[in-house]
Structure formats: C-alpha cells, structure tokens
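Colleague: Have a look at this one before I ask anything.
The values are calculated or read from the model by the stated rules, or taken from the named source; none is laboratory data. This one's a predicted model, so the numbers in the text were calculated from it and none came from an experiment. Here Cβ is always computed from backbone atoms with ideal geometry, including for glycine, and neighbour counts include all displayed protein chains.
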Amino acid sequence: MSAEVKVLSTSTRTNLEALKHHMKKLGFKYYEEKDGWIGFGTSLYEGRLSNTNEVSVHFNNRNMFSMFDDLNLYGKLPEVKQAILDFYEAEGIAE
C-alpha cells in the first residue's frame, strides 16, 4: 500500500517559506504540516506541536485555528493575521 503524497508547486513552497520566516520572527519557532493544515507553535510536547500557543492555517481555503495560553501572544495577533492573509493573497485564495 502506498501513501498519497501531495507535491507543492514551486510558488507555494516559496510562499510557505515566507510565511514560516514571518511566523518565526513572531516567536512561533516550530512548524508542522499535516492533512492540509500548516501548524505553527511556540513549544513542543512529546516531539509534536503543543496544543497550546499554536496557530494552524489551512492550505486550500481561508480557515485558521488558534489557541493561546500565553497572554503575551495576543498582542501579536494582528501581525499573525496579516502574515496569513499575505500567504493567502500570494496563493490566490480568496474568501
């Protein structure tokens, strides 16, 4: 049995790298991609992104999930939102 692997286009990889770089500057140092979602977090739990202090963004539609325990992260939400909107715009994903 073989697993289906989604290959990202060169432009999507470039846009994703720009998003990862911006999120890293905002303090989200860990990154994970799974089931069409891109996850960014500030900490790991058992080698995976922690369920707290994370932002997840969907590849194909404008959908975002976030959860923060660290109140200091709330001040970064406008910049996080703009970085994600820039990614969607670059990808041509509209509302």
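Colleague: Considering only the range 36-82, give the strands (runs of 3 or more DSSP E) lying wholly within it that have at least 3 residues that are without any contact (Cβ under 8 Å) to a residue 60 or more places away in the chain and of a type outside the set (A, V, I, L, M, F, W, C).
Modeller: 54-58
Colleague: Further question: State whether one or more residues within the range 60-75 are at pLDDT 90 or above, within 20 Å of Glu95 (Cβ to Cβ) and surrounded by 16 or more Cβ atoms within 10 Å (Cβ to Cβ).
Modeller: So far as the range 60-75 goes, no, none of its residues is at pLDDT 90 or above, within 20 Å of Glu95 (Cβ to Cβ) and surrounded by 16 or more Cβ atoms within 10 Å (Cβ to Cβ).
Colleague: Right, here's the next one. Looking only at residues that are outside any helix (DSSP H, G or I) and in contact with a helix residue (DSSP H, G or I) (Cβ under 6 Å, 6 or more places away or on another chain) in the range 1-35, which one is modelled with the lowest pLDDT?
Modeller: Only one residue tops the list, namely Tyr31.
This table checks each residue for (1) over 12 Å from the mean Cα position of the chain (by Cα); (2) of a type outside the set (Phe, Trp, Tyr); (3) under 13 Å from Gly39 (Cα atoms).
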site: Phe59; (1), (2), (3): no, no, yes
site: Ser66; (1), (2), (3): no, yes, yes
site: Asp69; (1), (2), (3): yes, yes, no
site: Asn72; (1), (2), (3): yes, yes, no
site: Lys76; (1), (2), (3): yes, yes, no
site: Lys81; (1), (2), (3): no, yes, no
site: Leu85; (1), (2), (3): no, yes, no
site: Tyr88; (1), (2), (3): no, no, no
site: Glu95; (1), (2), (3): yes, yes, no
